[in-house]
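Below: the structure, in structure tokens.
The values are calculated or read from the model by the stated rules, or taken from the named source; none is laboratory data. Computed from a predicted model, the values in this text were never measured in an experiment. All Cβ positions, even for glycine, are placed from backbone atoms using ideal geometry, and neighbour counts span all protein chains on display.
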Amino acid sequence: MEKKTKKALLFEVAWEVCNQVGGIYTVIRSKVPAMVDQWGDDYVCLGPYFPQRALTEYEPITSDDGSGIYQTVEKMREAGFAVEYGYWLITGKPRVVLFDIRSMAAQMDRIKYGLWERHQISTVNIEDLVNQTLGFGEMVRVFLTLFAEDYAKKFEITAHFHEWMASSGLPDLRRDDVRIATVFTTHATMLGRYIASNERDFYHKLPFFDWKHEARHYGIEAQATVERLAYLSAHVSTTVSDVTARECEVFLGKYPDLVLPNGLNIQRFAAVHEFQNLHMKYKENIHRFIMGHFFQSYSFNLDKTLYFFTSGRYEFVNKGYDITMEALARLNWKMVQAKMDMTVVMFIVTKQPYHSMNPDVLQSRAVLGEIQDTCEAIEKQLGDKLFLASASSTDHHLPDLNQFVDEYWRLRLRRTIQTWKTKRLPPYVTHDLKQPDSITEYCERSGLKNHEQDRVKIVYHPDFIASTNPLFGLDYGQFVRGCHLGIFPSYYEPWGYTPLECVVRGIPTVTSDLSGFGDFIMQIMRDYENRGIYVINRKTQNFDQAADQLANIMFRFVRMNLRERIQQRNKVENISDVFDWGNLRSYYDTAHDLAAKKAFKTKVN
């Protein structure tokens, strides 16, 4: 047998390298430190080049670094391709090759003809985004082919492709027998995402779908065919969960070789109490928003208020917003019937078209700020005068504090409060939507409109939360830490980062057994509910039963005392290490090893 002396080199290829679009960006970016720890300089990311998006995340390498990558990039430039080579400025700082797809415009007809001639991929009337991905896929193919021609004797090269958007060149890499081991990961099948949104009982009907018929029906034949061919062409085909593996079998032609669960880059606090302190700190920010949003109309005890939230793409059925709204209505009824003095504020954070923030919401927030400023001025004046009076007085009794506040400040405070108070209900949506959607329609239909007697209040925020947001002044991670419970009972969720993001921040969470995350939790942990992870049974229960289960879980959570909630946050935070990429990277290691064995079979003399 030949002795193996080659170094291993890994290229990770994704449309979301240095290009934040959705969840795959989180997968790649959070995994990079663990990959660099394993591979060092022999790990390189490949992605598209969008100048504005790359502006803050990319730093060019301007001289030959002796890696072979620089030379290959130069070869492509000489052939007329626009290619960038440098560092991705994230934790781990990996080397990155970015392809400017604008340089492919003149070649698109040739690329499309080749895809039809060799693979019968129809690209008639495809949208511009698909054109961009085809240009990107061709540039990746050219780069890997050129690199392998020059360096396959020096390196054992593996290329790991994520999703169809990065992979239109993969079938030709196999067809041309390029000396590269290939891995393909689908994070969600194209057809699964489309059909689950439109077809009731998707999972029961799954074995009976004809992939080609459905692709034509939804107008995604090119995307679905690229995905299927890339999946079947790779040496190792993978997906992110056992739930999605069933889809792969039906839509992509075979069961995956491996399942690669997703993780995060976990940073634990040395002091156990520190994450509890952060919860308290960020909860205060949410308190201030709640005062501005609700106390203009009526008030409730913030010490007896719990903050629940859900977030993600606006997919009313797939993301489980429908079942969440129904369960909230049932929870409200249970709490009112039990005459509970607790309040639940439910935040729904997603992205929907809107004109602007609701002016009344902004105005209320601004006037509350004025009230706070006035109170602080009164506090200072009162404090200074009280100190002077106490130091100079021979009377040991507390003086009348009212005499220390000027009439100006009394009048200003009274007038500000009078102009602030209103009899109208607090709005349940923070922005002026361009048109009503299923969430607002459900609020109207169910009566969840923030009446004073309701124990469940709704705050629908149709924009993602960022630190520049004037309503909260928090980034998304800080907002999550300030809440008490995350609710994500998805119907279609190949993995599900949102509940995982709760776990790593010590926040109890609800998921479902139809999400990859929920399915994975049920496989690796028996007492998950005792640890603050609740899994809704959506496989065998109907909508009504699942909504009842969710309502009961929330009702039990509301009835916990403070000590029980703190204990549960501790238990959730304690299991976060399970999902660290330092542990979950081993699944990727296995995929890369298996691909190399299949691609580079040991020669026998």
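I'd like the full set of residues that are assigned to a helix (DSSP H, G or I) and without any contact (Cβ under 8 Å) to a residue 24 or more places away in the chain, limited to region 115-128. Can you show your working first?
From region 115-128, those assigned to a helix (DSSP H, G or I) are 115-119, 128; that's our starting set.
Listed by number, the residues that qualify are Trp116, Glu117, Asp128.
Go through region 516-533 and count every residue that is among the β-branched types (Val, Ile, Thr), buried (at least 17 other Cβ atoms within 10 Å of the Cβ) and farther than 14 Å from Trp495 by Cβ. I'd like the intermediate steps shown before the answer.
Quick first cut of region 516-533, residues among the β-branched types (Val, Ile, Thr) only: 521, 524, 533.
From what is left, the residues that are buried (at least 17 other Cβ atoms within 10 Å of the Cβ) are 521, 533.
This time we only want the ones that are farther than 14 Å from Trp495 by Cβ, so: 533.
Within region 516-533, residues that are among the β-branched types (Val, Ile, Thr), buried (at least 17 other Cβ atoms within 10 Å of the Cβ) and farther than 14 Å from Trp495 by Cβ number 1.
Can you find even one residue in region 535-542 that is surrounded by 13 or more Cβ atoms within 10 Å (Cβ to Cβ), in contact with a strand residue (DSSP E or B) (Cβ under 6 Å, 6 or more places away or on another chain), part of a strand (DSSP E or B) and not hydroxyl-bearing (Ser, Thr, Tyr)?
Kept after step one, since they are surrounded by 13 or more Cβ atoms within 10 Å (Cβ to Cβ), are these residues of region 535-542: 535-539, 541.
Add one more test, that the residue is in contact with a strand residue (DSSP E or B) (Cβ under 6 Å, 6 or more places away or on another chain), and what stays is 535-536, 538.
Add one more test, that the residue is part of a strand (DSSP E or B), and what stays is 535-536.
Subsequent filtering for residues that are not hydroxyl-bearing (Ser, Thr, Tyr) retains 535-536.
Looking through region 535-542, at least one residue is surrounded by 13 or more Cβ atoms within 10 Å (Cβ to Cβ), in contact with a strand residue (DSSP E or B) (Cβ under 6 Å, 6 or more places away or on another chain), part of a strand (DSSP E or B) and not hydroxyl-bearing (Ser, Thr, Tyr).
Exactly one of these conditions fails for Asn277: (1) assigned to a helix (DSSP H, G or I); (2) touching a residue at least 24 places away in the same chain (Cβ under 8 Å); (3) more than 17 Å from Phe472 (Cβ to Cβ). Give me its number.
Going through (1) assigned to a helix (DSSP H, G or I); (2) touching a residue at least 24 places away in the same chain (Cβ under 8 Å); (3) more than 17 Å from Phe472 (Cβ to Cβ) one by one, Asn277 breaks only (2).
Condition check: among the β-branched types (Val, Ile, Thr), farther than 13 Å from Pro171 by Cβ and more than 25 Å from the chain's Cα centre (by Cα). Does Val243 satisfy that?
So Val243 does not fit the description; no.
For region 399-421, indicate whether the set of residues that are free of Cβ contacts under 8 Å to residues at least 24 places away in the same chain and either under 25 Å from Lys304 (Cα atoms) or of a type in the set (Ser, Thr, Tyr) (or both) is non-empty.
Yes; the residues of region 399-421 include at least one that is free of Cβ contacts under 8 Å to residues at least 24 places away in the same chain and either under 25 Å from Lys304 (Cα atoms) or of a type in the set (Ser, Thr, Tyr) (or both).
Is it fair to say Thr185 is in contact (Cβ under 8 Å) with a residue 24 or more places away in the chain, more than 30 Å from Ala8 (Cα to Cα), of a type in the set (Ser, Thr, Tyr) and touching a His at 6+ places or on another chain (Cβ under 8 Å)?
Details: in contact (Cβ under 8 Å) with a residue 24 or more places away in the chain: yes; more than 30 Å from Ala8 (Cα to Cα): no; of a type in the set (Ser, Thr, Tyr): yes; touching a His at 6+ places or on another chain (Cβ under 8 Å): yes.
So Thr185 does not fit the description; no.
Can you pull out the residues in region 26-48 that are touching a strand residue (DSSP E or B) at 6+ places or on another chain (Cβ under 8 Å) and within 22 Å of Ala148 (Cα to Cα)?
Selection gives Met35, Val36, Trp39, Asp41, Asp42, Tyr43, Val44, Cys45, Leu46, Gly47, Pro48.
State whether one or more residues within region 250-273 are touching a His at 6+ places or on another chain (Cβ under 6 Å), closer than 30 Å to Ala547 by Cβ and outside the structural domain of Ser438 (by TED's automatic domain parsing). Walk me through it before giving the result.
Step one: filter region 250-273 for residues touching a His at 6+ places or on another chain (Cβ under 6 Å), giving none.
Looking through region 250-273, none of the residues is touching a His at 6+ places or on another chain (Cβ under 6 Å), closer than 30 Å to Ala547 by Cβ and outside the structural domain of Ser438 (by TED's automatic domain parsing).
Hey, among the residues in region 476-495 that are within 13 Å of the chain's Cα centre (by Cα) and over 20 Å from Ala327 (Cα atoms), which one's surrounded by the fewest Cβ atoms within 10 Å (Cβ to Cβ)?
Among them, the one singled out is Gly477.
State whether one or more residues within region 567-579 are surrounded by 15 or more Cβ atoms within 10 Å (Cβ to Cβ), aromatic (Phe, Trp, Tyr) and more than 28 Å from Asp475 (Cα to Cα).
Checked against the condition, which is being surrounded by 15 or more Cβ atoms within 10 Å (Cβ to Cβ), aromatic (Phe, Trp, Tyr) and more than 28 Å from Asp475 (Cα to Cα), region 567-579 yields no hits at all.
From Glu74, Glu59, grab the single residue that is assigned by TED's automatic domain parsing to the domain that holds Gly22, closer than 20 Å to Asp150 by Cβ and out of contact with any Lys or Arg (no Cβ under 8 Å at 6 or more places or on another chain).
Numbers: Glu59 fails: closer than 20 Å to Asp150 by Cβ.
After applying the criteria, what remains is Glu74.
Can you name the number of the only condition in (1) touching a Ser or Thr at 6+ places or on another chain (Cβ under 9 Å); (2) at pLDDT below 95; (3) more than 30 Å from Asn542 (Cβ to Cβ) that Ala188 fails?
Failed condition: (3).
Against the conditions (1) buried (at least 17 other Cβ atoms within 10 Å of the Cβ); (2) not in a loop (DSSP other than H, G, I, E, B); (3) not β-branched (Val, Ile, Thr), where does Pro261 fall short? Just the number, please.
(2)
Being in contact (Cβ under 8 Å) with a residue 40 or more places away in the chain, within 29 Å of Gln267 (Cβ to Cβ) and in contact with a Ser or Thr (Cβ under 7 Å, 6 or more places away or on another chain), is that true of even one residue in region 30-40? I'd like the intermediate steps shown before the answer.
Of all residues in region 30-40, those in contact (Cβ under 8 Å) with a residue 40 or more places away in the chain come to 30-38.
Restricting the remaining residues to those that are within 29 Å of Gln267 (Cβ to Cβ) gives 30-38.
Okay, now just the ones that are also in contact with a Ser or Thr (Cβ under 7 Å, 6 or more places away or on another chain), so 32-33.
Looking for residues that are in contact (Cβ under 8 Å) with a residue 40 or more places away in the chain, within 29 Å of Gln267 (Cβ to Cβ) and in contact with a Ser or Thr (Cβ under 7 Å, 6 or more places away or on another chain), one finds at least one in region 30-40, hence yes.
Which residues, counting only those in region 356-388, are in contact with a Leu (Cβ under 8 Å, 6 or more places away or on another chain) and more than 23 Å from Trp420 (Cα to Cα)?
Leu382, Leu386
When residues of region 438-488 are filtered for being touching a strand residue (DSSP E or B) at 6+ places or on another chain (Cβ under 7 Å) and without any contact (Cβ under 8 Å) to a residue 40 or more places away in the chain, how many remain?
Residues that pass the stated criteria total 1.
In region 465-513, which residue that is assigned to a loop (DSSP other than H, G, I, E, B) and of a type in the set (Ser, Thr, Tyr) is nearest to Met525 (Cα to Cα)?
Residues of region 465-513 that are assigned to a loop (DSSP other than H, G, I, E, B), as a first pass: 465-475, 483-484, 488-492, 494-496, 504-508, 513.
Add one more test, that the residue is of a type in the set (Ser, Thr, Tyr), and what stays is 467-468, 490-492.
Numbers: Ser467: 35, Thr468: 38, Ser490: 20, Tyr491: 21, Tyr492: 22 Å.
Ranking the candidates gives Ser490 first.
If only one of Cys45, Cys18 is in the same structural domain as Leu89 (by TED's automatic domain parsing), hydrophobic (A, V, I, L, M, F, W, C) and outside any loop (DSSP other than H, G, I, E, B), which one is it? Give the steps one after another, and end with the answer.
Numbers: Cys18 fails: outside any loop (DSSP other than H, G, I, E, B).
Only one candidate qualifies: Cys45.
Could you give every pair whose Cβ atoms fall below 9 Å, whose first residue belongs to region 65-76 and is on the phi > 0 side of the Ramachandran plot, and whose second residue is not in a helix (DSSP H, G or I), counting only separations of at least 6 or pairs across chains?
What qualifies is Gly68/Leu9; Gly68/Lys154; Gly68/Phe155.
Can you tell which of Ala591, Ala595, Ala546 is closer than 19 Å to Thr511 by Cβ and either part of a helix (DSSP H, G or I) or not assigned by TED's automatic domain parsing to the domain that holds Val480 (or both)?
Working: Ala591 fails: closer than 19 Å to Thr511 by Cβ; Ala595 fails: closer than 19 Å to Thr511 by Cβ.
Answer to the check: Ala546.
Mind listing whichever residues of region 23-68 are among the β-branched types (Val, Ile, Thr) and surrounded by fewer than 21 Cβ atoms within 10 Å (Cβ to Cβ)?
Of the residues in region 23-68, the ones among the β-branched types (Val, Ile, Thr) are 24, 26-28, 32, 36, 44, 56, 61-62.
Selection gives Thr26, Val36, Thr56, Ile61, Thr62.
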